[in-house]
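S.K.: One structure coming up, written as structure tokens, with questions to follow.
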């Protein structure tokens, strides 16, 4: 991973379109050609994505997934989580399985997705993320190990003006170090739906939170621990890449890094001394 610039492979998915209406037909045709080539009607893996008001981002995401270099049969399932923009129009133009969930929240959307998936394994992704062509293979190589029931990957931010890659790299390094300590006793706190996988059989048994609440991914990971081990996928080349929308909420890049540093530090010390949720008495 380059410390000073985004990886070159991201460039092919950085479309200049702001709305669905601006996307030319040939872009859909090109992505669909790859989707028809790579997807299987008898998948071992189902990639499930929840999308809310992502009419352009979901195209970028699916385009990146269509470039997977793998021999593992897979399908892509996208759940439109009651979007108010033209997300559904984008999905209708793509050769993927598209579902609609009226109840707002990633939990209900991902539950519908896994219920309609065909794969033995579920890989979860986010609509505003881009995935390297080795992502599926790297995730499944760990998820298919004996006694492993759930895996999660690492992620990086796509730099933009005002958010230089070197500053983002420092934050990501800090985040990864803290995740290493947290994985020892509480790996579910590291599990984010942007890059996470699990065995579908057990995911259906525990289910997702059915209300609009954050943390449905970590909760699922916690509930899955009764069935097996949680593993981290550490390969640098398999990192998921996402935009900086959440960082912008904290203001400048320096402000965002400071806020998140102390937030992670407080969480680390809390986790160090508090009782594990799975060991608490009823």
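S.K.: When you count, for each residue, the other Cβ atoms within 10 Å and take the mean per peptide, how do 92-100, 185-193, 160-168 rank with the highest first? Write down the numbers at each step before the final one.
M.R.: Working: 92-100: 16.8, 185-193: 21.4, 160-168: 14.6.
Highest-to-lowest ranking by the protection proxy: 185-193, 92-100, 160-168.
S.K.: Using a 7 Å offset from the Cα along the Cα-to-Cβ direction at both residue 95 and residue 226, what is the distance between the two label points in nm, to one decimal?
M.R.: Those two pseudo-labels are separated by 4.2 nm.
S.K.: Quote the relative contact order of region 8-279 in percent (integer), defining contacts as alpha-carbon pairs under 8 Å separated by 6+ residues.
M.R.: Working: 510 pairs, mean separation 56.0, N = 272.
Result for region 8-279 is 21 percent.
S.K.: In vacuum, with every alpha carbon of the chain counted as one equal point scatterer, what does the Debye formula give for log10 I(q)/I(0) at q = 0.08 Å⁻¹? Two decimals, please.
M.R.: Log10 of I(q)/I(0), two decimals: -0.32.
S.K.: Ordered by packing density, taken as the mean number of other Cβ atoms within 10 Å over each peptide's residues, highest first, how do 14-25, 128-139 rank?
M.R.: Numbers: 14-25: 11.9, 128-139: 22.2.
The most tightly packed comes first, giving 128-139, 14-25.
S.K.: To the nearest 0.05, what FRET efficiency results for residue 141 and residue 14 with a Förster distance of 25 Å applied to their C-beta separation?
M.R.: Numbers: r = 28 Å, r/R0 = 1.14.
Here the calculated transfer efficiency is 0.30.
S.K.: Tell me, what is the percent relative contact order of region 112-203, built from C-alpha pairs under 8 Å that lie six or more residues apart?
M.R.: Details: 83 pairs, mean separation 46.0, N = 92.
Value for region 112-203: 50 percent.
S.K.: Shifting gears a bit: So for each of 60-68, 218-226, 39-47 I average, over its residues, the number of other beta carbons within 10 Å; can you give me the resulting order with the highest mean first? Can you show the working numbers first?
M.R.: Numbers: 60-68: 22.9, 218-226: 20.0, 39-47: 17.8.
By packing density, highest mean first, the sequence is 60-68, 218-226, 39-47.
Computed from the coordinates by the stated procedures, all read-outs in this text should not be read as laboratory data. These figures come from a predicted structure and were not determined experimentally. So basically every Cβ, Gly included, is an ideal-geometry build from the backbone, and we count neighbours across all protein chains shown.
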